Number of protein chains: 2
Amino acid sequence: MKKYQELTKKEIEAELSALCAEYEKYKEQNLKLDLSRGKPNSDQLDVCLPLLSESRSRERCFSENGVDCRNYGILDGIPEMKRLFSDMLGIKEEYILVGDNASLQLMYDTLSRAMLFGVVGSERPWCREEGLKWICVAPGYDRHFRITEVLGFELLTVPMTKDGPDMDMVEELVKDPKVKGIWCVPKYSNPTGNTYSDEVVRRLAKMQCAAPDFRIMWDNAYAVHDFSENGDELLNIFDEAEKYGTLDRIFYYTSTSKITFPGAGVAMMAASPANIKQITPYLGAQTIGYDKLNQLRHAQYFKNAEDVHAHMMKLAALIGKKFDITLEALEALDGLGIAEWTKPNGGYFVSLDLLPGCAKRVFELMKGAGVTLTSVGATFPYGIDPEDKNLRIAPTYPTDRELSLAMQILVLTVKIASLEKLA
Amino acid sequence: MKKYQELTKKEIEAELSALCAEYEKYKEQNLKLDLSRGKPNSDQLDVCLPLLSESRSRERCFSENGVDCRNYGILDGIPEMKRLFSDMLGIKEEYILVGDNASLQLMYDTLSRAMLFGVVGSERPWCREEGLKWICVAPGYDRHFRITEVLGFELLTVPMTKDGPDMDMVEELVKDPKVKGIWCVPKYSNPTGNTYSDEVVRRLAKMQCAAPDFRIMWDNAYAVHDFSENGDELLNIFDEAEKYGTLDRIFYYTSTSKITFPGAGVAMMAASPANIKQITPYLGAQTIGYDKLNQLRHAQYFKNAEDVHAHMMKLAALIGKKFDITLEALEALDGLGIAEWTKPNGGYFVSLDLLPGCAKRVFELMKGAGVTLTSVGATFPYGIDPEDKNLRIAPTYPTDRELSLAMQILVLTVKIASLEKLA
């Protein structure tokens, strides 16, 4: 197949005309498909149904240390749930704080507390400083960017490379004491699906930051979300930080949202003992304790990391198939010189880069055909993709059949938008 | 029985000596009893066990509007849970936001947001103002006071009367624009157990506040927690606020912590549409959504307010008995001129006022005999009871037998401390 850039004007017109005719046929079908949402579909959630199907007796309401999980008590999580996260992630139990369902809430709360009270190393609450800045690796996760935007930070964009954030640029930016932190999704990053290299993790742990209270928000959301036994390996950032004496720099998060239930899973944060100690009085003012029964449900269902892994391999069979459908469909764009995309070994997204100036047009064309895509720009700070070229594809929510159809239309609209641009 | 104040020095010495001998006998028993914690005991929690004993099928994971509660989605609560709270409290559904398990978290988050972003009517975020103050009705709930203390407010004490806060004083204080709000537990107040009179509710809704963004934190924690069919009646503050055009003044909270499970219930906040609208973007930055499965569990178990009421009457049989034991024991102090206490129609606490300067001594004596009381001063701002006279008795957690024994010792130590003071 010829590259589109090599087509003559006439060839472009002919091709465009044929594709538009095809597009009109899809339009007539009045479809309603959705590739926008990075959420599991109900079949996937059914794999975890046994977690909910226990008829719970009184005896099964007590944690291993004898606490009635129905009652008040325990701010930092029941021991068996801490142990499970510790086992899954290779993090010391004493670093771990178990929350409610949303790790996003733990992240927002961490930064909201930093604004009001500062963190270990702060000279004053962050809300008493002017002109604060935050590093956003883009394309990245819109809800991360949103938190720091709402809290009043200026968002600084650093490009994502195949190995993680462009570290030369990061190391340069952190020389500014107004730069207080960075958002990271280090494994199967949202939306690019790549995993930070060992070197990137090391440089993040090691770099000299001008702000004495610089923080890495390490959202390891897809820590165990491999499509096969050969998943990506991520270096343990706590181990690296310990070597370089920067342990307090790390706030670490994950949840079972995409292991068990997005709406009713268990989230956790992990941080150095000094950080946990600084946080605890504020956390104790905020809540009497998170939902322990749900922690117990999870810890009783998964005895250890191996149980979680076996479960994730079941999910991988379902999710992997959706990624296969997605990537097979994209092959039709191969060699046309108009698109590049990621082929992740895990996670929830495929990131698709088009010719500059084509993303919004594809979004509109898809909308016209009844397929919802993630808003263009959502993966960039302030919701603006400077080159208007990135699309985030979320293949997990539709059924296989719906996904297949939506991807055919996507390929078609990418071709149309590219030809229009080249014409 | 003679008043202790009328005893001669010799009579005091004789009585004290007899009581101390009795006290020594208790000490020898190496007891370990706890009257400090306003939490249900496990028998009480068992009444709700059917809520947990359902073996949940996939079909039972969907809310009435078709949302899979296991998945992402819905920030403000599932419709059936909003309706249940609406029915229980007489609040419009559109005012209601359903949270996770802890209403305390919703309260802290409300004020933390006010600090960072202000509220409807604010000229700037509260953290940009200096010298902010907050009204605390005392004795009151320590965790309320704690939130405003941590957030940097100066705490202003207003005495609790039998009808609620001393409103003359409140109306005077709110003439100061630095006074941003007041904590209220309007029904079966913690720890006094009394309920605000209609007049007090009206005056709170009606009063002229100098701060344009003054807020009443209305923690109706014991809204349905009557000991009998003849519970206290509380005026609906939203109805009153509507009459006086002060709807935005009210932030209203409750939870099922003491209906179902303190560790795994469902909390809610209610506020005017303008308040909800102002909050929503920040809430949307903080979380994708609270635990919907737990909302569903609750809404499926309680179809309406009548179901809740029937359930509360079952709990009342257990809790009422504990209050009977407590109040019967206290009768031994009747007529001695050394103590006054409340006789609530619901809630979780009895408030016991001693002779000034006796509370800490009783706490110490109780501790010596192996009985834990709530820390003296906990019910006052900054943890300081200016007269050192108030004790909060929490009868629900011990067994009936333990409670009976603890109360005998309490009566004894109150007598001892009072006689020591009078000697």
Exercise. Relative to the other copies, what are the label-point distances for B:LYS32, with labels 7 Å from Cα along the C-beta vector, expressed in nm at one decimal and sorted shortest first?
Worked result: 6.1
Exercise. Put the label 7 Å from Cα along Cα→Cβ for B:LEU19; what are its distances to the other copies, in nanometres, shortest first?
Worked result: 9.3
Problem set entry | Label point 7 Å beyond Cα of A:GLU242 along Cβ direction - residues of region A:250-274 with amide nitrogen under 16 Å | A:250-252, A:270-274
Exercise. When ligands, DNA and RNA are left out and all protein chains stay put, how many square angstrom of accessible area per residue does region B:328-423 have with a 1.4 Å probe?
Worked result: 37
For this session: Run the numbers on chain B and let me know its relative contact order in percent, using alpha-carbon pairs under 8 Å that are six or more apart.
Result: 26
Seminar exercise, completed: Summed over the other residues with a beta carbon less than 11 angstrom from that of B:SER418, with K and R at +1 and D and E at -1, the charge totals +3
Exercise. Add -39500 (n - 2.57) for each DSSP H run of 4 or more in the protein assembly as shown, then divide by its residues: what number comes out at 222 nm, to the nearest 500 deg cm²/dmol?
Worked result: -12500 deg cm²/dmol
For this session: Give, to the nearest whole percent, the P(r) tail of region A:28-118 beyond 15 angstrom, counting all Cα pairs.
Result: 77
For this session: Report relative contact order for region A:347-390 in percent, whole number only (criteria: Cα-Cα under 8 Å, sequence separation at least 6).
Result: 47
Exercise. For A:GLN300 and A:GLU340 in the same chain, what is the full-extension length gain: residue separation times 0.36 nm, less their Cα-Cα distance, in nm?
Worked result: 10.1 nm
Exercise. Dipole of region A:269-414, Cα-centred, from +1 at each Lys and Arg C-beta and -1 at each Asp and Glu C-beta, to the nearest 20 debye?
Worked result: 600
Problem set entry | Nearest-first distances (nm) between copies at A:GLY131, label 7 Å from Cα via Cβ | 3.0
For this session: Determine the percent antiparallel among the DSSP beta bridges restricted to the protein assembly as shown, to the nearest 5.
Result: 50
Seminar exercise, completed: Subtracting the Cα-Cα distance of B:SER17 and B:ASP43 from 0.36 nm times their residue separation yields 5.4 nm
Problem set entry | In nm, spacing of pseudo-spin labels at B:LEU75 and B:ASP198 (7 Å Cα→C-beta vector) | 3.9
Exercise. Cα gyration tensor of chain B, axes a ≥ b ≥ c as square roots of the eigenvalues: rounded (a/c below 1.5), prolate (a/b > b/c) or oblate?
Worked result: oblate
Problem set entry | Calculated FRET efficiency for the pair A:LEU31/A:ASN65, C-beta based, R₀ 51 Å, to 0.05 | 0.45
For this session: Report the FRET efficiency, 1/(1 + (r/R0)^6), for A:GLU364 and A:GLN5, where r is their Cβ-Cβ distance and R0 is 22 Å, rounded to 0.05.
Result: 0.45
Exercise. With every protein chain in place, what's the accessible area of A:MET169 (1.4 Å probe, Å², nearest 10)?
Worked result: 80
Exercise. Over chain A, what percent of the accessible surface lies on carbon and sulfur atoms, probe 1.4 Å?
Worked result: 49
Exercise. Using a cut-off of 20 Å between alpha-carbon atoms, which aspartates and glutamates can reach A:LYS3, once sequence neighbours fewer than 8 places away in the same chain are excluded?
Worked result: A:GLU11, A:GLU13, A:GLU15, A:GLU328, A:GLU331, A:ASP334, A:GLU340, A:ASP353, A:GLU420
Exercise. How would B:ASP76, A:ASP334 line up by accessible area, probe 1.4 Å, largest first?
Worked result: A:ASP334, B:ASP76
Exercise. Solvent-accessible area per residue for region B:147-227 at a 1.4 Å probe radius, Å²?
Worked result: 32
For this session: Would you mind counting up the charge near B:PRO356? Only other residues with Cβ under 15 Å from its Cβ, with Lys and Arg at +1 and Asp and Glu at -1.
Result: -2
Exercise. Near the amide H of A:LEU33, under 5 Å away, which other amide H atoms are found, from residues 5 or more places off or on another chain, if H is placed in the peptide plane?
Worked result: A:VAL371, A:THR372
Exercise. Once amide H atoms are placed 1.01 Å from N in the peptide plane, what residues at a sequence separation of 5 or more from B:GLY181, or on another chain, have their amide H within under 5 Å of its amide H?
Worked result: B:ILE135, B:ARG215
Seminar exercise, completed: Filtering GluC sites (Glu not before Pro) in region B:11-40 by DSSP loop and by at most 13 other Cβ atoms within 10 Å leaves none
Exercise. Got a sec to turn the phi values of region A:408-423 into Karplus ³J(HN,Hα) couplings, 6.51 cos²θ - 1.76 cosθ + 1.60 with θ = phi - 60°, whole Hz, x for Gly and Pro?
Worked result: 4, 5, 4, 4, 4, 5, 5, 4, 4, 4, 5, 5, 4, 5, 7, 5
Exercise. Count the lysine pairs in region B:189-313 that are 8 or more places apart or on different chains: how many have C-alpha atoms under 29 angstrom apart?
Worked result: 8
Seminar exercise, completed: Once the in-chain neighbours fewer than 8 apart are removed, the aspartates and glutamates whose Cα is under 14 Å from B:LYS321 read B:ASP43, B:ASP226, B:ASP400, B:GLU402
Seminar exercise, completed: Computed from the beta carbon distance with a Förster radius of 25 Å, FRET efficiency for B:ASP307 and B:ARG58 to the nearest 0.05 stands at 0.55
Exercise. Mind listing the phi-derived Karplus ³J(HN,Hα) values for region A:201-216, rounded to whole Hz, using 6.51, -1.76 and 1.60 with θ = phi - 60°, and x for any glycine or proline?
Worked result: 4, 4, 5, 5, 6, 8, 4, 8, 9, 5, 6, x, 10, 5, 10, 9
For this session: Kindly work out what percent of the DSSP beta bridges joining two residues of chain A are antiparallel, to the nearest 5.
Result: 50
Seminar exercise, completed: Amide H contacts under 5 Å for B:LYS39, restricted to residues at least 5 apart in sequence or on another chain and with H modeled in the peptide plane, are B:THR396, B:TYR397
Seminar exercise, completed: The relative contact order of region B:136-203, taking Cα pairs under 8 Å that sit 6 or more residues apart, comes to a percentage of 38
For this session: In debye, nearest 20, what is the charge dipole magnitude of chain B about its Cα centre with +1 on Lys and Arg Cβ and -1 on Asp and Glu Cβ, if you could check?
Result: 780
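The values are calculated or read from the model by the stated rules, or taken from the named source; none is laboratory data. Keep in mind that what you see is a predicted model, and the values were worked out from it rather than measured. Glycine gets a Cβ as well: all are built from the backbone with ideal geometry, and neighbour counts include every protein chain shown. Quick note on the areas: whole protein, heavy atoms, side chains included, nothing else; ligands and nucleic acids left out. Shrake-Rupley method; radii C 1.70, N 1.55, O 1.52, S 1.80 Å.
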